[in-house]
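The values are calculated or read from the model by the stated rules, or taken from the named source; none is laboratory data. This structure is a prediction, so every number in the text was calculated from the model and none was measured. Positions of Cβ are backbone-derived with ideal geometry, glycine not excepted, and every protein chain shown enters the neighbour counts. SASA here: full protein model, heavy atoms, side chains in, ligands and nucleic acids out. Shrake-Rupley method; radii C 1.70, N 1.55, O 1.52, S 1.80 Å.
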Amino acid sequence: MKQLEDVVRDSMGSEDLEVSLPSEKERPYLLDYIGALTGYLWDRFVAPVPRVAARFLLYAVGGGLSCGVKERIEERYGREFFDAERATLWNMAAKIPLYSGLLALRVSSLGYTGEPVLNAAAAGLAVGVGEGVIRLFGAAILAPSRFTPGDLILGPVSWMGEKLYNGIRGVHSDVAELTEQRRSGKG
């Protein structure tokens, strides 16, 4: 009894069975784009997580130091390593949930549950926001040329929108370039 391979070979001829992979120019662009995108996302967002976590801790803690100390650190190690203004903002942002959590934890450790714990968390939130407002006004008064907070609502929203737009635009541009490099055989 003939096997399936023999039947196919007899009916088609051996030269028809040769299979060739498409060249890089014939391969769908989308496949190269997806391959470049996954590599790019790994390099940009997964691999730097430990470094970003360390930077967050440095900024969250270091931002609470006095202005003189923060500026000396910035001068000694450079703004790429430690930005005093950014560290101050990160410190203020980190204190809001920290104060809320600490007050809620303290009240719950005293045996209270429910509404008193929520009230303590809200009080912690108010303390964190209050400290942030005081520090923002202090910075605006002490160094107005170096710190311009902008509108309290529209400033952060427009800043986030600009960062998001520039980020997406930059990712697409980088991935398109990587895709072209893959297709040309350089990458």
| field | Å² per residue, accessible surface of segment 44-121 at 1.4 Å | value | 68 Å²
| message | Can I get the semi-axes of segment 37-142's equivalent ellipsoid? Compute them from the C-alpha gyration tensor as square roots of 5 times the eigenvalues, in angstrom, largest first. | response | 31, 22, 11
| 113, 38, 179, 88, reordered so the largest accessible area comes first (probe 1.4 Å) | 113, 38, 88, 179
| task | Express in Å², to the nearest 10, the accessible area of residue 33 obtained by rolling a 1.4 Å probe over the protein heavy atoms while all chains stay in place. | result | 50 Å²
| note | FRET efficiency (residue 119, residue 31; Cβ distance; R0 45 Å; to 0.05) is 0.20
| How much solvent-accessible surface does residue 141 expose, in Å² to the nearest 10, with a 1.4 Å probe and all protein chains in place? | 130 Å²
| query | Sorting 95, 70 by accessible area (1.4 Å probe), largest first, what list results? | reply | 95, 70
